[in-house]
Structures are given as structure tokens and as C-alpha cells.
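The values are calculated or read from the model by the stated rules, or taken from the named source; none is laboratory data. This one's a predicted model, so the numbers in the text were calculated from it and none came from an experiment. Here the Cβ is made from the backbone with ideal geometry for all residues, glycine too, and neighbour counts use every protein chain on show. Surface accessibility is based on the protein's heavy atoms, side chains included, excluding ligands, DNA and RNA. Shrake-Rupley method; radii C 1.70, N 1.55, O 1.52, S 1.80 Å.
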Amino acid sequence: MNRYPSPVFRFFLPLSLAFSLILGCGRGASPGGTDYETYTASSSQEETFSESGADPAEIQKAQADFERFCDQLFRDQLSDSYLNLHYTLADPAAYGITDCPKELGEFSLDLLKEASETEKEEKALLDTIPMELLTEDQQLTYRILQASYEAEEEFEGLELYYQPLAPTVGIQAQLPVLLAEYIFYGKQDVEDYLAILSSIDDYYRQILEFEQEKAKAGLFMTDDCVDTIVSDCSAYVLAPEEHFLASTFDERVEALKDLTEEEKAGYKAQNLKVLTEHFIPAYELLLNGLTELKGTCTNEQGLCYYPEGKRYYEYLVKSSTGTTYSTIDKLRDAVDLQINYDMAAMYKLMTDHEELMEGLDDYEFAYTEPDEILEHLKDVIQADFPALESANYATKYVPESLEEALSPAFFLVPPMDRYQDCVIYINRGSVNTSGDLYTTLAHEGYPGHLYQNVYFLSNCSSPVRNVLSFGSYTEGWATYVENYAYTTDNGLSPELGQLLAHNASATLGIHALLDLNINYYGWSKEEVADYLSQIFGISDEDTVNDIYQHMLSAPVNYLEYYVGYLELRHMKEQAQKALGTKFHLKEFHQFILDLGPAPFTVIKPYFNEWVNGQKAGK
């Protein structure tokens, strides 16, 4: 229901805990199986209609009502922020959206509460539409909306727990890159951009006021988190002429052929003025305001130590992951089991192939240049993934001044009506060209975010589904295929590829497990240090502190990636076991991609029906 700024980024998470070798005892059995509530997805539309006893007029009315509901929801979701609108639609007028304020939008505690009330009203309206009378595609969208509303109901009363600012993934880190990539289709876009940029100081003032309210309620971030954000924000306080938002603006203006040289010079001067009077003061406002709030944190430990912390964490897990695991305890058991499985598999590989230990520190993929990697991946995945229509992509590098503040790589989701034009950013300060760029671009490009987004946007007929965000599906898919990329024809030996794949899976799993243990079960920093020391021999205090502070500043962030990966991996294993020789990896991938982003509680019953259909030869 996206009450917050739309996540037009798709990130590759930095892993602050990297292992060259993992040893430990573990159960060798592959984990699998989840518990979930099921519904029966209709296998026959005609049977559904006939069983309902509805006449054609009732069916037509229900379907028309649902389309109107979705169309209105789509327009409402895009009307709050012109930046979101521009990134979602290149031509808003074609979708009936002609009046949206040229500003970043508004942010306040009252607006968060109003959003919850609005969602209640929307859910009540949705409930009046009989789902059994809808088409199969409409029923899928209905179930997705229903699950989303039910998850967001649990946010009520927890508004002050929301964290708009956070290292790497907060608004203050995402927004500058979105501004740098704001596409100029014509002269009007330049003027709209300058209007939006001029509103950033007012927008950040509202966010700071929200943080002040959090502080009054005893819910403000830790001093370590403040220090990190303040340090990152300093990278944006540059002389206007030297700012990356000046150089990127000039490049975009120069590319417009319908502007005169005089107009271009005028816009460039206006941009420098806006940077001076609005953008830089906005970041100075955040720097000074957050610094003044230092020392107001009442809890230096996990989220669960706040009065409603456990309830908020449960909401975050349900809303962010859409997992089929019905309790946090069951989810933690599944994460722990998968870690043990990966560690046991690693131990066996290294026992059977002693030479692998020598290659762990200096392995190198056969492909090291971004375009070379992406073109190779496009070719090598064809046997296991459905065909994709052509897409244009550009690979860019994060400005050097921002390397400390941004993720190792990220993908910018293209407008739904220009979905072939994609951009991938690479952070040269974090990504090793020979060691991890190959799998990073599998995550961000093919068959990861770029591939999945273009596939879905080219096949989806429901506009509203393009503005609903299901991070655990999208990040889970990208993590799943990143893991797959270790075992392609990439220059590594098959055994080393398997070892690295299990290592990556275990590493992310450990981060997810620490997130759970710190924020839900209340592990102290000392307990985290003991765990890392006893199990992995890691005793460096800075590493422990970095991990601990990241879990405090961005709860459920790692889980969003890992849970999606876990759900997809388990479904694949379940299908392989159930279908035997009838299982085809390409068909499994096509099922997941055709269904598209959704909570896993919605996906799983459709998956069970798909497995039964495959068994029956359908």
C-alpha cells in the first residue's frame, strides 16, 4: 500500500561479514517446507461463475467495479509525489493523471495516521466486491491487495516507530541519486525537476520534525546511527559548481535538442541557484538537526526493548517479507536450518576437494567488465529462464564522493511505459571487479532485477500491480539468481562455484539470523560477539559493532532479501521432489515470473496448484 516514498531502487546489499572459510557442525538434510494458510485457487473460471449462481449482469458489474477500484488506487498512489509519478510513468496523461503538485510531497505523523485510515476505507470497499465473480487475473490482484491491506492493519498505532532515515537505505541516501537520474524528456521536465529540487529543504524539514517527535517519545535512533548518517550527509554538502547534481544536470540539459543555447545556460544557472538555496541547506538542516538530537536515544539495543518493539518487528516481517512462516520462532528455525545445511555442504565440498581451500582467497571470474558480464549472462541463462524481449541498459558508476554512503550496486526501476530503458549503478568503492562484480550484476541485471522487472512490465496488464511493492519477492528473486550465477559457465570450477554459492547463502543467512536475534530476541552486542567468535572465530570489535549497529538502524533489511530467497529455494526443492523427472527449471522460473511480485502467502497456493498441474501433465 506504499504509504512511504516508492522504492524505485533495487539494491544489492553489502555484506559486512564475509567468510573465506566456514567450518562447523550442521545437519546435512536440505531444509524445506513451511506452514501457511491455504486457499483454493480456481482452476476453472467457468466452474467458479456457475457455482456462484450469479447472472452475467452481476459478473460484469463485479469485474467493472474491481477495475474502477484498481484504476483509482493506481492514480491515488502516484498523486502524492511528482518524483514517484515521473519515475513510474513517462506519460502520466495517458493514464489520466494530469494534476500532481510539482514537489517531493509531504511527510508527517498525522499523514501516516491518515494513510492508515484511508487504507481501512479502501479495504472496506474492496470487501464489497465478490472475488468469486472476478476473472482469474483479477482474483490474483484481489488476493494481493487483500493480503497487503491485512499486513498494513498491524501498523496502526506504531507510526512513530517508522524510520525514514537510515544509513545506505534511508531517504537521505536514495533521494540524491533519484534526482541525478531524473529523465528529461523535454523542456517541461527540466522545469518540473527544478521545482521538485526546490522543495527538498521543506521536505527534509518535515522529516526532521518527525524525528524530533520520535525523540520526544523515546524512539530516536542511536548515536552511532546519527554519526553514520551525518557523515554520509556531509558528502552532499559540496560547492554547487563541484556538485554531481550540477554535472549530471548539465549533461541532461545538453542532450535536449529542443532547447536553445541561451535556454540551456539559463537552466544551468537556475540549477546552481537551487542547489545553493535549497538542496545544500536541506542537508545542512539534517546534519545540524540530527546532531542536536544526539543523546536522546533511550535504547541502545534491539527493537524489542522498546515498549511496542516486538509488535512493530512482527509487523515489519509480515509487511516486508510476506512470508509463509506463521511465527517468528518458525522463521528463525528455518533460517537456522538453512545456514546449517549450507555449512554442512561447504564442509563436505572442502573435505572431498582439498584444493578448493587454496582458491578461496584469489578466485577470479572469466568475465570482469560490466557490459561483458551482462552480455554473457544474457546468453548463458537462456536454457533455464524464459525468453525476454530486448531491453536497453546503461551501467554507471556511483560518484566517488558518495561511495561511502551507497550500496555496492543498485538498479533503478524504469517507468512502466518505458520499461526497456534501464540503469544499473556500480559502486567501485565496494565491488571487486574480479571477485564479485559477476554475481553482483547477476543480481542487478540478468537474470536479476533488470530481467525480472522488464519481464513483468512487458507482461502485466494491471497498472496497479506496478505501484505495489513486494521487496522480499524482488530482492529474494535477485538473491536467488545471484546464487545461481555462481554455478554458470563463468570460469570457475563447478566445485568452487558450489562452494561460493553455499558460502554466499550462509553469509546472508547469518545476517538474517542476527537481525532476528538482535531485534526480536534481544541479543546484546556481547552475545553477538560470542556467537561470531565461537562459531566463526571472528573477534574483531569493529566488525561486531558494525553488524550490530546496522541491525539496529535497519531492522528486517537483511530478512527482506533472505526470506524471499529462502521461500523461492524451498519452492524449487519442493517441486523437484514432487515432480522428479517432470521438473524443469525453466518452467519453474516461468511460473514465478508470470505470477509476478506478491506476498508469498499469496504465491504459495498458486504454486501448489502449479505443481499438481505439472504432475497431471497440464
Inter-probe distance in nm under a simple model that places probes 7 Å from Cα toward Cβ, at Glu209 and Glu369: 5.3 nm
For Lys618, go through the lysines and keep the ones whose alpha-carbon is under 30 Å away, minus same-chain ones fewer than eight residues off. Lys378, Lys572, Lys577, Lys582, Lys586, Lys604
At a Förster distance of 60 Å, what's the computed FRET efficiency of Asn459 paired with Gln534, Cβ-Cβ distance as r, to 0.05? 0.80
Zone reached by a paramagnetic label modelled 7 Å from Lys113 Cα along Cα→Cβ, restricted to segment 307-336 with backbone N below 13 Å, covers none
Tell me, what is the 1.4 Å probe accessible area of Asp80, in Å² to the nearest 10? 120 Å²
Leaving out ligands and nucleic acids, and using a 1.4 Å probe, what accessible area per residue does segment 551-618 come to in Å²? 35 Å²
State the label only: which of [x] 188; [y] 153; [z] 297 corresponds to volume of the Cα convex hull per residue in Å³ computed from the shown model? [y]
Counting only protein heavy atoms with a 1.4 Å probe and every protein chain in place, the carbon and sulfur fraction of the accessible surface of the chain in whole percent equals 46 percent
Per residue, how large is the accessible surface of segment 100-154? Use a 1.4 angstrom probe and give square angstrom. 46 Å²
Theoretical gain in end-to-end length, Glu526 to Gln576 [0.36 nm per residue, Cα-Cα removed]: 13.8 nm
Using heavy-atom solvent-accessible surface (probe 1.4 Å) with all chains present, what is the largest-first order of Met551, Met357, Met416? Met357, Met416, Met551
Give me the distance in nm between label points sitting 7 Å out from Cα along the Cα-to-Cβ direction at Lys102 and Glu609, one decimal. 4.7 nm
The chain: antiparallel bridges as % of DSSP beta bridges, rounded to 5, reads 55 percent
Using a 1.4 angstrom probe on the protein heavy atoms only, could you order Arg569, Arg418 from most to least accessible area? Arg418, Arg569
Quick check: with the 1.4 Å probe, what order do Ile196, Ile171 take by accessible area, largest first? Ile171, Ile196
Taking the simple approach of a point 7 Å from Cα along Cα-to-Cβ for both Asp329 and Ala394, what is their distance in nm? 5.3 nm
So if I take the centroid of the Cα atoms in segment 266-328 and the same for segment 400-433, what is the distance between those two points in Å? 21 Å
Can you give the accessible area per residue of segment 263-399, in Å², using a 1.4 Å probe? 49 Å²
Eligible lysines near Lys102 by straight Cα distance, threshold 27 Å, same-chain separation 8 or greater: Lys113, Lys187, Lys257, Lys264, Lys268, Lys273
The chain - percent relative contact order, Cα under 8 Å, separation 6 or more: 23 percent
Based on the alpha-carbon gyration tensor of segment 275-339, what equivalent-ellipsoid semi-axes (square roots of 5 times the eigenvalues) come out, in whole Å, largest first? 37, 17, 11
Once R0 is set to 56 Å, what does the formula 1/(1 + (r/R0)^6) return for the Cβ-Cβ distance between Ala57 and Thr543, expressed as a FRET efficiency to the nearest 0.05? 0.25
How high is the relative contact order of segment 66-130? Use alpha-carbon pairs under 8 Å, at least six apart in sequence, and give a whole percent. 33 percent
